[in-house]
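Notes follow once the structure below has been shown.
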Amino acid sequence: MSLGFSFFFNSILLGIGLAMDAFSVSLANGLNEPSMKKGKMCGVAGVFGGFQFAMPMIGWFCVTTITQYFVAFQPFIPWIALILLSYIGGKMIYEGVKGQDDEEGSPPVGLMGLLIQGVATSIDALSVGFTIATYDLFQALLACLLIGLVTFAICLGGLAIGKKAGTRLADKAGILGGAILIFIGLEIFITNVF
């Protein structure tokens, strides 16, 4: 894939879709700590952005090393991307409709709690490695960097909104994020199969 409009558009959409869980948690963190200073807000958003950068890169690395040894596996990548992104997106929509995110609460915004939140909100981003498996190393790094930066910006917004308005938007964010991930899965599938 070339570094054209489609590359940047898909990377930004992936970032938006993947950031919705972190956005919801950021809303809760902002509500739990309304006096959070700007430096800590940047640190919290940076942790979420860092995990959202790292997880797709790890997924890409795993997929590219596997496909080097199993070339026959490559035609299944669009199918796997569609299934994984649809599953993750569907789960996010289900949880958003049921409102399960708010029932569990969030750990305090200490370092350990923040790291746990970072892993929990980014573990699904490992599957993005399948969606970017056709990228070379530079393209994969750039796509993951865009995903991380988008997550950083969205989480900063989530923290600020949470400090002001609370977590009323958390369920809607999960629904939107899920729909975006399903759309990306369909776009990848249609682009690569047809």
message: Considering only residues that are part of a loop (DSSP other than H, G, I, E, B) and modelled with pLDDT of 70 or more, which ones fall in region 151-194?
response: Phe194
- request: Using the structure shown, decide if Asn29 is assigned to a helix (DSSP H, G or I) and under 30 Å from Ala133 (Cβ atoms).
  value: no
query: Looking at (1) closer than 15 Å to Thr131 by Cα; (2) at pLDDT below 85; (3) hydroxyl-bearing (Ser, Thr, Tyr), which is the only condition Ser11 fails?
result: (2)
task: All but one of (1) closer than 16 Å to Met20 by Cα; (2) modelled with pLDDT under 80 hold for Phe130, so report the exception by its number.
output: (1)
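Looking only at residues in region 112-139 that are under 14 Å from Gly15 (Cβ atoms) and either small (Gly, Ala, Ser) or free of Cβ contacts under 8 Å to residues at least 40 places away in the same chain (or both), which one is surrounded by the most Cβ atoms within 10 Å (Cβ to Cβ)?
Let us first name the residues in region 112-139 that are under 14 Å from Gly15 (Cβ atoms), namely 121-122, 124-125, 128, 131-132.
With the extra rule that they be either small (Gly, Ala, Ser) or free of Cβ contacts under 8 Å to residues at least 40 places away in the same chain (or both), the set shrinks to 122, 125.
Working: Ser122: 27, Ala125: 29.
Top of the filtered list is Ala125.
Residue-by-condition table, conditions (1) farther than 27 Å from Ile190 by Cβ; (2) assigned to a helix (DSSP H, G or I); (3) of a type in the set (S, T, N, Q); (4) at pLDDT 90 or above:
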position	(1), (2), (3), (4)
Val47	yes, yes, no, yes
Pro56	no, yes, no, yes
Ile80	no, yes, no, no
Ile83	no, yes, no, no
Met92	no, yes, no, no
Val109	yes, no, no, no
message: Just to be sure I understand the filter: pairs with C-beta atoms under 7 Å, separated by 6 or more residues or on different chains, first member in region 31-42 and over 14 Å from Gly110 (Cα atoms), second member of a type in the set (Ser, Thr, Tyr) and buried (at least 17 other Cβ atoms within 10 Å of the Cβ). Which pairs pass?
response: Leu31/Thr167
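The values are calculated or read from the model by the stated rules, or taken from the named source; none is laboratory data. Predicted model only: the values in this text are computed from it and were never measured. Don't worry about glycine lacking a Cβ; one is built from the backbone with ideal geometry, like all the others, and counts go over all protein chains shown.
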